[in-house]
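Written out below as structure tokens is the structure these notes cover.
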RNA sequence: CGGGGAGUAGCUCAGCUUGGUAGAGCGCCGGCUUUGGGAGCCGGAAGUCGCAGGUUCGAAUCCUGUCUCCCCGACCA
């Protein structure tokens with residue numbers, strides 16, 4: 001049977017959502033579990049998360065944050081404290097109501113079942129986010145302006161009982177980091193929110209090779225309880241938007257609800273200003289939808305668990321040992337002598353006793369940036385057969401072994417640049433200014449539609465009406481796409497300098 | 001919560017209308033041949049057909065109940 005033309009069926013063009021699922025499966029990153037809406041993250045997917053985690057964590061530490069850990073279970077009453085927040089999360093909370101199980105024999109079947117007993121006097125909510133329980137700790141920890149700012153981050157799992165789960169993009173349980181900070185003044189808190197916003201933008205660009213549109217959410221799209229929500233929005237290959245990271249200025253809303261006060265410089269009691277911000281395992285879904293192709297995952301080099309996979313080609317038994325030995329020697333040299341983005345080159349030698357094609361395609365589907373095939377002929381000529389994931393799967397380049405060792409970091413850097421460049425061009429080509437309502441409506445009648453940038457002075461109600469009608473949202477009021485000139489708002493007809501970016505979203 | 005669909009081998013599914021020994025492909029295990037290309041041939045293991053009840057000599061198949069999952073809406077990092 002002839003092998004399929006692409007490693008993934010269907011292709012992106014044929015059925016994008018199904019393609020996505022197949023990429024996850026082909027790369028062996030995760031699978032659905034027996035627990036509704038929850039996924040099992042497999043080693044290849046988790047290794048990616050670990051790289052995201054350690055690289056982001058380093059940036060948080062550099063900017064003065066410390067990690068801590070708070071309980072998974074939140075007393076129900078805590079969630080009730082901030083009204084908007086309570087309302088925002090009420091419909092998606094899993095609740096713990098009992099604390100023991102009693103074996104009980106079913107009189108009909110004779111089987112023993114475990115029945116929850118021991119009802120809790122106050123139920124617990126499995127955290128959908130931790131503002132409230134961290135706020136409670138902050139109220140104990142903060143006494144004086146000298147205790148501020150308080151800069152805390154936690155790496156944790158959270159649970160939101162989603163109606164429509166999708167691996168990595170939307171699961172009932174997901175992994176994330178949530179930063180929570182408290183500040184003496186509004187200015188400081190807003191500065192923190194903006195700094196993290198910028199940090200997320202930089203991180204996506206420099207580590208995931210993903211360009212974003214950074215901006216502010218409208219009131220309708222804001223985090224429940226926030227005064228201001230900043231977001232980084234990613235356009236993925238079907239031109240939909242993914243909200244990849246948000247940072248919120250919470251004002252004094254939570255401080256007042258939770259009594260987080262301090263003695264100010266003038267001796268008066270004041271409420272702190274808080275922020276919160278997070279990115280999640282959704283980044284992995286974003287990365288797939290942004291970079292993967294019809295042959296599977298394509299990893300940005302900084303996050304790839306292996307930068308280079310060496311596939312020893314051993315057609316003859318008598319040269320087998322020498323080939324494998326030579327591959328390991330090359331791997332050692334690369335690890336010892338070269339760095340990429342501050343880390344030693346991560347090299348893996350795949351010496352499994354499988355056909356060359358089988359191994360090659362496995363690493364293609366897993367998205368490894370560089371594959372090297374090395375056989376007896378290459379050893380003799382001191383060359384490597386170099387294949388880059390961003391090139392077609394059958395593209396080969398023979399390079400001197402020494403010059404590969406010397407150039408490996410630059411090849412990885414080049415791959416990163418090309419990924420970023422490709423996606424930047426795609427994004428820019430699919431953001432269109434739109435100044436009139438009829439054009440606006442026509443645009444959204446297409447199944448696949450890029451984003452529209454419109455002059456905007458509408459109300460929350462007008463925004464929600466348009467959103468509902470076209471199944472779109474204002475992704476953000478972009479920071480950098482404001483031209484500073486007056487134009488006519490598409491719904492109100494009023495002159496406005498504000499530009500809103502609309503799109504369909506995941 | 002509304003509207004559709006499906007539960008049979010590890011995975012994807014056929015079989016059910018018309019009741020009569022449990023099937024295929026992929027994967028897995030073993031052997032041989034291959035190994036610069038996702039290989040071939042031969043052999044093998046694997047399922048109380050979601051669960052409970054009913055009809056029947058006999059139920060994956062018919063009937064009743066029940067649970068779960070998937071898809072389309074509403075919610076959403």
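The values are calculated or read from the model by the stated rules, or taken from the named source; none is laboratory data. Only a predicted model underlies this, so the values are computations on that prediction, with no experimental measurement involved. Glycine gets a Cβ as well: all are built from the backbone with ideal geometry, and neighbour counts include every protein chain shown.
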Can you name the condition, by its number, that residue A:449 falls short on among (1) within 16 Å of RNA strand B (Cβ to nearest atom); (2) assigned to a strand (DSSP E or B); (3) crowded, with 17+ Cβ neighbours inside 10 Å?
(2)
Considering only the range A:378-395, I want to know if a residue exists there that is over 22 Å from residue A:43 (Cβ atoms), in contact (Cβ under 8 Å) with a residue 40 or more places away in the chain, away from RNA strand B (no atom under 12 Å from the Cβ) and out of contact with any strand residue (DSSP E or B) (no Cβ under 8 Å at 6 or more places or on another chain).
yes
Could you check, for the range A:1-17, whether at least one of its residues is in a helix (DSSP H, G or I) and within 13 Å of RNA strand B (Cβ to nearest atom)?
yes
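Restricting attention to strands (runs of 3 or more DSSP E) lying wholly within the range A:221-317, give those where 3 or more residues are closer than 29 Å to residue A:452 by Cα. First the steps, then the outcome.
Working: elements: A:228-235, A:241-251, A:261-263, A:269-271, A:273-280, A:308-312.
Those strands (runs of 3 or more DSSP E) span A:228-235, A:241-251, A:273-280.
Residue by residue, here is whether (1) in contact with a strand residue (DSSP E or B) (Cβ under 9 Å, 6 or more places away or on another chain); (2) within 13 Å of RNA strand B (Cβ to nearest atom) holds:
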site	(1), (2)
A:247	yes, yes
A:274	yes, no
A:280	yes, yes
A:292	no, no
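Which members of the range A:357-377 meet the condition of being near RNA strand B (Cβ under 6 Å from one of its atoms) and either within 21 Å of residue A:293 (Cβ to Cβ) or in a loop (DSSP other than H, G, I, E, B) (or both)? Before you say what the answer is, go through the steps one by one.
Pass one, the range A:357-377, residues near RNA strand B (Cβ under 6 Å from one of its atoms): A:357-358, A:360-361, A:373, A:375-377.
Those that are near RNA strand B (Cβ under 6 Å from one of its atoms) and either within 21 Å of residue A:293 (Cβ to Cβ) or in a loop (DSSP other than H, G, I, E, B) (or both): A:357, A:358, A:360, A:361, A:373, A:375.
Please specify each residue of the range A:425-438 satisfying the condition of being surrounded by 15 or more Cβ atoms within 10 Å (Cβ to Cβ) and in a helix (DSSP H, G or I). Write out each step before concluding.
To start, the set of residues in the range A:425-438 that are surrounded by 15 or more Cβ atoms within 10 Å (Cβ to Cβ) comprises A:426-427, A:430-431, A:434.
Hits for the range A:425-438 are A:426, A:427.
I'm trying to understand the selection: among the residues of the range A:325-355, which are assigned to a loop (DSSP other than H, G, I, E, B) and either surrounded by 13 or more Cβ atoms within 10 Å (Cβ to Cβ) or in contact (Cβ under 8 Å) with a residue 24 or more places away in the chain (or both)? Spell out how you get there, then give the answer.
Of the residues in the range A:325-355, the ones assigned to a loop (DSSP other than H, G, I, E, B) are A:338, A:341-342, A:345-346, A:350-355.
Once the filter is applied, which keeps residues that are assigned to a loop (DSSP other than H, G, I, E, B) and either surrounded by 13 or more Cβ atoms within 10 Å (Cβ to Cβ) or in contact (Cβ under 8 Å) with a residue 24 or more places away in the chain (or both), the range A:325-355 yields A:338, A:341, A:345, A:346, A:350, A:351.
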Could you grab the pairs with beta carbons closer than 7 Å, sequence gap of 6+ or different chains, first residue in the range A:263-283 and under 30 Å from residue A:174 (Cα atoms), second one within 16 Å of RNA strand B (Cβ to nearest atom) and assigned to a loop (DSSP other than H, G, I, E, B)?
A:281/A:168; A:282/A:168; A:282/A:169; A:283/A:208
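Taking the range A:463-485, which residues are assigned to a loop (DSSP other than H, G, I, E, B), modelled with pLDDT of 90 or more and more than 13 Å from RNA strand B (Cβ to nearest atom)? Break it down into steps so the answer makes sense when it comes.
Narrowing the range A:463-485 to residues assigned to a loop (DSSP other than H, G, I, E, B): A:471-472, A:479-485.
Imposing the further condition that a residue be modelled with pLDDT of 90 or more reduces the set to A:472, A:479-480.
Selection gives A:479, A:480.
Find the residue count for the range A:25-51, including only residues that are away from RNA strand B (no atom under 13 Å from the Cβ) and not in a loop (DSSP other than H, G, I, E, B).
Kept after step one, since they are away from RNA strand B (no atom under 13 Å from the Cβ), are these residues of the range A:25-51: A:29, A:42-48, A:50-51.
Within this subset, residues satisfying the condition of being not in a loop (DSSP other than H, G, I, E, B) are A:43-48, A:50-51.
Here the count works out to 8.
Looking at A:205, A:222, A:302, which is the one that is surrounded by fewer than 24 Cβ atoms within 10 Å (Cβ to Cβ) and within 14 Å of RNA strand B (Cβ to nearest atom)? Even if it seems obvious, please write down each step before you answer.
Details: A:205 fails: within 14 Å of RNA strand B (Cβ to nearest atom); A:302 fails: within 14 Å of RNA strand B (Cβ to nearest atom).
From the options A:205, A:222, A:302, the qualifying one is A:222.
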Taking only pairs six or more apart or across chains, which ones have beta-carbon atoms under 8 Å, a first residue in the range A:433-462 that is farther than 15 Å from residue A:503 by Cα, and a second residue that is part of a helix (DSSP H, G or I)?
A:458/A:466; A:460/A:219; A:460/A:220
Which members of the range A:65-83 meet the condition of being within 16 Å of RNA strand B (Cβ to nearest atom) and exposed (fewer than 13 other Cβ atoms within 10 Å of the Cβ)?
A:83
Quick one: in the range A:319-335, of everything that is out of contact with any strand residue (DSSP E or B) (no Cβ under 7 Å at 6 or more places or on another chain) and within 12 Å of RNA strand B (Cβ to nearest atom), which residue is modelled with the highest pLDDT?
A:322
What pairs come up if the first residue lies in the range A:56-82 and is farther than 15 Å from residue A:278 by Cα, the second is assigned to a loop (DSSP other than H, G, I, E, B), and their beta carbons are under 7 Å apart, counting only those six or more places apart or on different chains?
A:70/A:130; A:72/A:127; A:74/A:127; A:82/A:225
For the range A:396-408, how many residues are more than 9 Å from RNA strand B (Cβ to nearest atom) and assigned to a strand (DSSP E or B)?
3
Any residue in the range A:160-181 that's without any contact (Cβ under 8 Å) to a residue 12 or more places away in the chain: show its pairings with residues that are within 7 Å of RNA strand B (Cβ to nearest atom) at Cβ separation under 7 Å, as long as the two are six or more apart or on different chains.
A:164/A:170
Taking strands (runs of 3 or more DSSP E) that fall entirely within the range A:96-191, which contain at least 2 residues that are away from RNA strand B (no atom under 16 Å from the Cβ) and over 24 Å from the mean Cα position of the chain (by Cα)?
A:112-126, A:173-183
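Determine which member of the set A:45, A:88 is out of contact with any helix residue (DSSP H, G or I) (no Cβ under 6 Å at 6 or more places or on another chain) and over 25 Å from residue A:257 (Cβ atoms).
Values: A:88 fails: over 25 Å from residue A:257 (Cβ atoms).
Just a single option satisfies the conditions, and that option is A:45.
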